[in-house]
Each structure stands twice: as C-alpha cells, then as structure tokens.
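Chemist: There's a structure below that I have some questions on.
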Amino acid sequence: MNMTKPAVEARQLVKRYGEITAVVGVDLTIQPNSIYALLGPNGAGKTTTISMLTTLIQPTEGSATIAGYDVVKQADQVRRQIGVTFQETVLDDALTGRQVMTYHGRLYGMSKAQRQTKTDELLALVELDDAADRAVRTYSGGMKRRLELARGLMTDPKVLFLDEPTLGLDPQNRAKIWDYIQDLKRRNGLTLLLTTHYMDEAQQLADCVGIIDGGRIIAEGAPRNLIDQMGSDAITVSGYGNRDGFLSRIDELPFVQSVTTAETITQLAVDSGNRRLAEVVTLANQSDFTIEDISVAKPSLADVFLKYTGRELRDH
Amino acid sequence: MNAAITLWNKQMSKLSGEETFGLLIQPILWVVLFGVGMKGIMGSAVAGGEDYIAFMAPGIVALSALGGAIAGGSVWLDERMRGIVKEYLVAPIPRLSILLGNTLTIVTKSLFQAIVIFIVGVLMGAQLASNPIGWIGGIVLVAGYSLGFAGIALAVASKVEDSGAYHALIFLLNLPLLFLSNALYPLSSLPQWMQIGARLNPTTYVVDGIRQMVLQNGDMLAGGDMIPLWQCFAAITLFAIAGMWFAYTAFRSAVR
C-alpha cells in the first residue's frame, strides 16, 4: 500500500443542471508529482469536472479531495493548495503583467518580498520579463496564456489545474507552454491536471490520460498503454459501396485484431500495416466496396478515442 | 478585509487618465454650465437670493454618486461576464470581500467627486459653512447615499445576464431620482404629489442635509421647510443598510 495521499481523488462526482447531467459519475485518482490529462471533445464534461475540483461549483453527488482536503467541506484549504487557469482568458486588460501577479499574490496574503521574488522568477520563466510593465491589453494571445500560467504558479500550488491551456494558440506558443509544463513537474514536484481536446497534447505531456465523453471517463491509463491496446498498426479506410459486406469479411481475417467503425471511416488494428494493405484492398474489391482513401499509421490516442466512442475527436 | 482592500486597491489603480478626467469633468460641467445657465431664472425662486450654484451643488454631488454607483455596478457585471470573478472565487478569500471591495471603490470615487464639486462650487462663488464638523457630516451623508446606490447597482449587476438589461433597469431609476427631489428646485415650489414623491426619495435627504451642514446660510438655501437633520441621517442610514442588504442577498445567490 502506498501511503502518500493522492493529489486529487474524486469518487462518483455528479453534476446536474436541472434536467441536464453534465458529469455523470467521474472517478479520478491522480498521484502526486504527475501530469494527468483529461481528454475529450467539447461538452464532454471536462470543464465541469475541473470546476468542481477547484471549488467553483459544488457537486450534486459524490465527493472529491485535493491533497486530502474535501472540496466542499474544506473549500478554503483546497483553495490554498491549488493554482488554476481557466479555459477562457481571464485577465484584467488594464493592468500590467506585473500588477496581475502582484494583486494575485496579495489576494493570497503573500508578503511584499515574497511577491517580488516570485513575480520576477515566474515572469522570467514564461519569458515575459521584458513585457512585465506593459498593459496586458498589448499582449498577444500566447503572452496572455503564459501570464496566466505564471499567475497560477504565483502561490506555489501543490496542484495546478489547467483548463485547455493551449486553446487558440499557434504551434510555436503551444510548444512553449508544453515545455513549461514539463519543466514545472520536474522542478517543483507539482501535480498537474490539464484538460485538452488535442490528442497530441495529451500524448506528449501526460503520465496518465483519462478519456472523457458524455460526462464520464470511458478509458484511463498511460498514453503508451492505451495506444498499445490498439495493435501495432492501424489501417484507416473510407469509401462507398457495400460496406457491410466488406466489414463482415474483414472481421474473419486472422491478422485483424479489432475493427472500429465510425460514421464514414473504418479502422482496423493489424499486426503489420504495410504488409496487410494489399490484402485489405483485394478484399474490398471482392466485396464491391470502393475504397476512396486508405492509410496506414501507428495508432494514436485519436484511435483510442475512436475505439471507445465510435466517434472521431476533431481538433477545432 | 485584506482581500477587500486588495480588490479596492486594484480597482483604484486601474483608474486611467481618461477615467479620472471623466470623473472630474462631468460634475464640473454640471456646475458650470447648468448652474450658471439656470442661475438667471432660478435665482429669484431660491430662498437666499442669487446663490443657485450653492443651491444645486449638493444635487450634483448626489447625481455624481448615482452615476458612480452605476459605473461601479457595470464594472462588477463586466468582471462576472468575462469570468474575471473566477480568479477571486478560487482564491482563499471570503466571498463577501469581493462585494466589499467593489463597494469601497464606488464610495471612494463618489467622495472624491463630491469634494471636487464643492471646490468648483466655491470657485464659482458658493460659500461653505464655517463649521468643519458640518463638512464631515456632509461627507458621511454622501458616503451613506453612495453605499445605498452601490448596493442597488451591485445587486442588479449580480442578477442580470447582460449589460443591456443592466442599463435598462438602472436608467429607469436615474432620472426620477434626480428630478423627483429637491436637488434642482426647492421642495416648497413643487406641487403636492411631487413633494410626496420627493419625500420618498433618498436624494432629497442627502441634498437637504448637505445644504444645511456644508453651506453657508444652508438653512436659507434649503428653503423654509428644511428637513430636520436627524431625519436626513436616519433616512440615509436606512437607505444605506437596505441597499447593502439587497446587494448581499443578490450577491450570495450569484457567487455562492
């Protein structure tokens, strides 16, 4: 038995808004000093789950603890343990970057000396030291995101929640944010819970990924393990004609480990993609199924998502 | 309390050059343009003769306090709509300190404006009472009046879901509060029904109290039928408490 308390623990969290159930029953255990990614499409319940864990809203049912503190009964202690960045940018445009940091520190009762040290250190970390004394309204989207990340770290949180930290950022800024996130875990022993609908983000960053859809976690594990379930190669086929006939025959082939169908595409987990491609094409021809597009790839989290939900997770 | 002061400090530090200019220029324009313009016709109607600028200055203080409360409410609405309030809500601070910080900001700006108005009024020829205790009494009344309307504005801003609804509701209040009072004309010159309306309007009490305490010959300015000072203080105290209570309940349901 590991005696250290989980950084985050949720038991059957439910959130209902009238008739609508946004979160159906989320169980979550996040070990200290790890990065956990909640991966799912928009509306899957990611933000609602984070809002409950960060004490913004109260769960309808179930319970959750952060570093051992209950998010409802000990909300104030929880708030002292966490840093949060929200999905939308919530910065006061009229303030300078330095003021944003300072007022945040003051809200948490940090001393002036602490605030100064921390502000300098963090603004340097996110490479905003040159822009520190400019009004936030002059910042680019990427700079604002980095400032929010720095603000979330201002109070030395044990657990940092990042809701879609790279939403709307260009690739260069995304890569930067990823670097900071990985760096933080190494340096500070921080636990991070982030939500994303970017597959590559979850795959790159997370020690553990929870795939969330329809308000519940439908698969969970290390990205590598989740992907390994998918066979060693994935063949993705789309086309028209007698798809059902094609599917029934392909299922019988010994090298096909699993078949996943979504609206228009079919995905086959196979032992070796390049070698099997020709056989798949032949079989399609024999079944009067015309292939428009076929590709072989190493499976990714996108394929895991497809397998569990029968839907593609599109990057918006 | 620390959190309320931090939020107050943050709001005050955001005062840009333009906004400060606006805070100054609006009441100054009222006093200078409206005051001077009306002086000619109103002078004879106001007890005490020519001194219409002094007569109307307290009304402009009230009007500015009302405007300040409306502006403060829309700042809070904006913070709610844009999600800035979430930064406060995940912080280990009492929920009430958020309301308190907003209220303090509104009252501070109103007091600042009140002082500017009286400085301009004095430059334009109004004479202040010689007893500074009266000045402090006037400041207390303005603070109470401002608290009351800050409460109403913040309550409405806690409830509505867009700024259109907020401004519609607030502007409904604006004009009657100014015109259905003794701010621009003596109470005794009004028809009976307007006198009753004015008696129910907190503006009347803050204006009458300031006239009596802050201005030279204030009792004459207030007209023959001035309201006893204790009534002014009682009315404004009740109004301030009611406004804050209103804000407190609306705020609690908005942020939990």
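Every number here is computed from the coordinates shown, using simple stated rules; none is lab data. Because the structure is a prediction, the values reported are computed rather than measured. As a convention, Cβ positions derive from the backbone with ideal geometry for all residues, glycine included, and neighbour counts pool all protein chains shown.
Chemist: Which of the DSSP-defined H helices in chain B satisfy a minimum axial length of 27 Å, computed from C-alpha atoms, and a minimum mean Kyte-Doolittle hydropathy of 0.0?
Modeler: Values: long enough: B:52-82 (44 Å, 0.88); B:95-123 (44 Å, 1.71); B:132-159 (41 Å, 1.50); B:229-255 (38 Å, 1.31).
For chain B, where a helix must reach 27 Å along its axis and average at least 0.0, the hits are B:52-82, B:95-123, B:132-159, B:229-255.
Chemist: A further question on this structure: Measuring from a point 7 Å past the Cα of B:ALA234 along Cα-to-C-beta, which residues in the range B:189-208 have an amide N at less than 16 Å?
Modeler: Only B:199-202, B:205-206 fall inside the zone, counting backbone N under 16 Å.
Chemist: Suppose we take every Cα in chain B and form the convex hull; what volume per residue is that in Å³?
Modeler: Numbers: hull volume 31.9 nm³, N = 256.
It is 125 Å³ per residue.
Chemist: In whole Hz, with x marking every Gly and Pro, tabulate ³J(HN,Hα) for the range B:33-41 from phi via Karplus 6.51 cos²θ - 1.76 cosθ + 1.60, θ = phi - 60°.
Modeler: 3J(HN,Hα) across the range B:33-41, in whole Hz: 6, 5, x, 5, x, 7, 3, x, 7.
Chemist: Restricting the count to DSSP beta bridges whose residues both fall in the protein assembly as shown, what percent are antiparallel, rounded to a multiple of 5? Spell out each step's value before the answer.
Modeler: On the way: 40 of 58 bridges.
Looking only at bridges with both residues in the protein assembly as shown, the antiparallel portion is about 70 percent.
Chemist: Using a Gaussian network model on chain A with a 10 Å cutoff between Cα atoms, which of A:GLY221, A:GLY40, A:GLY239 fluctuates the most?
Modeler: Among A:GLY221, A:GLY40, A:GLY239, the largest mean-square fluctuation in the Gaussian network model of chain A belongs to A:GLY239.
Chemist: Give me the net charge of A:ASN188's neighbourhood, meaning all other residues with Cβ under 13 Å from the Cβ of A:ASN188; Lys, Arg count +1, Asp, Glu -1. Walk me through the numbers before you get to the answer.
Modeler: Details: positive: A:LYS118, A:LYS158, A:LYS185, A:ARG186, A:ARG187; negative: A:GLU121, A:ASP156, A:ASP183.
Its environment carries a net charge of +2.
Chemist: Can you work out the FRET efficiency for the pair A:LYS298 and B:ASP78, with r the C-beta to C-beta distance and R0 = 35 Å, to the nearest 0.05? Spell out each step's value before the answer.
Modeler: Values: r = 48 Å, r/R0 = 1.37.
It comes out at approximately 0.15.
Chemist: If you filter the range B:46-101 for chymotrypsin sites (Phe, Trp or Tyr not before Pro), then keep DSSP loop positions with at most 16 other Cβ within 10 Å, what is left?
Modeler: none
Chemist: Picking from B:ASN174, B:ASN201, B:ASN102, which is most flexible by a Gaussian network model of chain B using Cα springs under 10 Å?
Modeler: Per the Cα network of chain B with a 10 Å cutoff, B:ASN174 tops the list.
Chemist: A further question on this structure: Working only with C-alpha atoms, what are the Rg and Dmax values of the range A:231-298, expressed in angstrom?
Modeler: Radius of gyration, then largest Cα-Cα span, for the range A:231-298: 10.5, 28 Å.
Chemist: Once you've got the GNM for chain A with C-alpha springs shorter than 10 Å, pick whichever of A:THR138, A:THR55, A:THR96 has the biggest mean-square fluctuation.
Modeler: A:THR138
Chemist: Right, another one. Would you mind getting me the FRET efficiency between A:ASP120 and B:MET1? Use the beta-carbon distance for r and R0 = 30 Å, nearest 0.05. Spell out each step's value before the answer.
Modeler: Working: r = 28 Å, r/R0 = 0.93.
Here the calculated transfer efficiency is 0.60.
Chemist: Sticking with this one: Would you pull out the residues with amide H under 5 Å of B:ASN201's amide H, same chain only if 5 or more places away, H placed 1.01 Å from N?
Modeler: none
Chemist: So what's the back-of-envelope 222 nm ellipticity for the protein assembly as shown, counting only DSSP H runs of four-plus at -39500 (n - 2.57) apiece and dividing by all residues, rounded to 500? Spell out each step's value before the answer.
Modeler: Numbers: 23 runs with 310 residues, N = 572.
Mean residue ellipticity, 222 nm, calculated: -17500 deg cm²/dmol.
Chemist: If you don't mind, there's one more thing I want to ask. I need the phi-derived Karplus couplings for the range A:69-83: 6.51 cos²θ - 1.76 cosθ + 1.60, θ = phi - 60°, integer Hz, Gly and Pro marked x.
Modeler: 9, 6, 5, 9, 6, 10, 3, 5, 5, 4, 4, 6, 8, 10, x
Chemist: Let me ask something additional. First select every other residue whose beta carbon is under 9 angstrom from the beta carbon of A:THR47; then total the charges, Lys and Arg +1, Asp and Glu -1. Could the numbers behind the result be given before it?
Modeler: Values: positive: A:LYS46; negative: A:ASP163, A:GLU164.
Net local charge, A:THR47 excluded: -1.
Chemist: In a shell of Cβ-Cβ distance under 14 Å around A:SER140, excluding A:SER140 itself, what net charge do Lys and Arg (+1) and Asp and Glu (-1) give?
Modeler: On the way: positive: A:ARG134, A:ARG137, A:LYS144, A:ARG145, A:ARG146, A:ARG174, A:LYS176; negative: A:ASP93, A:GLU127, A:ASP130, A:GLU148, A:ASP170.
Summing Lys/Arg as +1 and Asp/Glu as -1 gives +2.
Chemist: Enter the per residue convex hull volume of the range A:128-203, computed from alpha-carbon coordinates, in Å³ rounded to the nearest integer. Walk me through the numbers before you get to the answer.
Modeler: Values: hull volume 7.5 nm³, N = 76.
Output value, Cα hull per residue: 99 Å³.
Chemist: Expressed in whole Å with the largest first, what are the equivalent ellipsoid semi-axes of the protein assembly as shown derived from the C-alpha gyration tensor as the square root of 5 times each eigenvalue? Don't skip to the end; give the middle numbers.
Modeler: Numbers: eigenvalues 828, 118, 84 Å².
Taking √(5λ) for each eigenvalue gives 64, 24, 20 Å, largest first.
Chemist: In the range A:1-76, which GluC sites (Glu not before Pro) fall in coil by DSSP and have 13 or fewer other Cβ atoms within 10 Å? Working shown, then result.
Modeler: Working: sites: A:GLU9, A:GLU19, A:GLU61; in loops: A:GLU19.
Passing both the DSSP loop test and the Cβ count: A:GLU19.
Chemist: Gain in length, A:SER258 to A:ASP156, computed as 0.36 nm per residue apart minus the alpha-carbon separation, to one decimal in nm?
Modeler: On the way: separation 102, 0.36 × 102 = 36.72 nm, distance 4.59 nm.
Answer, rounded to one decimal: 32.1 nm.
Chemist: Something else about it: List, in the order given, every pair from A:LYS144/A:LYS185; A:LYS112/B:LYS86; A:LYS112/B:LYS10; B:LYS14/B:LYS109; B:LYS10/B:LYS86; A:LYS5/A:LYS158 whose Cα-Cα distance in the structure shown is over 18 Å. Don't skip to the answer; put the middle values down first.
Modeler: Details: A:LYS144/A:LYS185 21 Å; A:LYS112/B:LYS86 24 Å; A:LYS112/B:LYS10 15 Å; B:LYS14/B:LYS109 12 Å; B:LYS10/B:LYS86 16 Å; A:LYS5/A:LYS158 12 Å.
As for pairs spanning more than 18 Å Cα to Cα, those are A:LYS144/A:LYS185; A:LYS112/B:LYS86.
Chemist: Sticking with this structure for a sec: How many angstrom lie between the C-alpha centres of the range B:79-146 and the range A:228-260?
Modeler: Value for the Cα centre distance between the two parts: 71 Å.
Chemist: Give the percent of DSSP beta bridges with both residues in chain A that are antiparallel, rounded to the nearest 5.
Modeler: Percentage antiparallel, nearest 5: 70.
Chemist: May I ask for the equivalent-ellipsoid semi-axes of chain A, computed as the square root of five times each C-alpha gyration tensor eigenvalue and listed largest first in whole Å? All intermediate terms of the calculation are to be shown ahead of the outcome.
Modeler: On the way: eigenvalues 361, 98, 56 Å².
With the √(5λ) rule applied to chain A, the semi-axes are 42, 22, 17 Å.
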